[in-house]
Amino acid sequence: MSNEQWWSKLGPETRAWLIDNNGDAVPEGVAAEVAVAGGPLPRGNADDDAPPGLYYSDEVVDWVEEMANDEDPQGSG
């Protein structure tokens, strides 16, 4: 499923949390809502410098940043 498809299925609070906390450890409730919407699952932290927790891939973090900046991630508009 494309990022646009699962993103559009999220509640506004979850989208706001993802934008406001982009790149941070993801709470289980947020990860669960994203998963139910068909989005990616976060993974355990592999970076020794970051706190333990679940994190989205760089690809997802970059895409959320584009959404936060009102950029078109597909370059179509």
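Summary of computed values
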read-out	value
Scope region 52-75; condition under 17 Å from residue 31 (Cα atoms) and either over 15 Å from the mean Cα position of the chain (by Cα) or modelled with pLDDT under 85 (or both); matching residues	52
Residues located in region 20-67, provided they are closer than 13 Å to residue 3 by Cβ and assigned to a helix (DSSP H, G or I)	34, 59, 60, 61, 62, 63, 64, 65, 66, 67
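Here's the yes/no breakdown for (1) modelled with pLDDT of 90 or more; (2) of a type in the set (Phe, Trp, Tyr); (3) surrounded by 15 or more Cβ atoms within 10 Å (Cβ to Cβ):
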residue	(1), (2), (3)
22	yes, no, yes
36	yes, no, no
45	no, no, no
48	no, no, no
77	no, no, no
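The values are calculated or read from the model by the stated rules, or taken from the named source; none is laboratory data. Bear in mind the structure is a predicted one, so any value in this text is a computation, not a measurement. Here the Cβ is made from the backbone with ideal geometry for all residues, glycine too, and neighbour counts use every protein chain on show.
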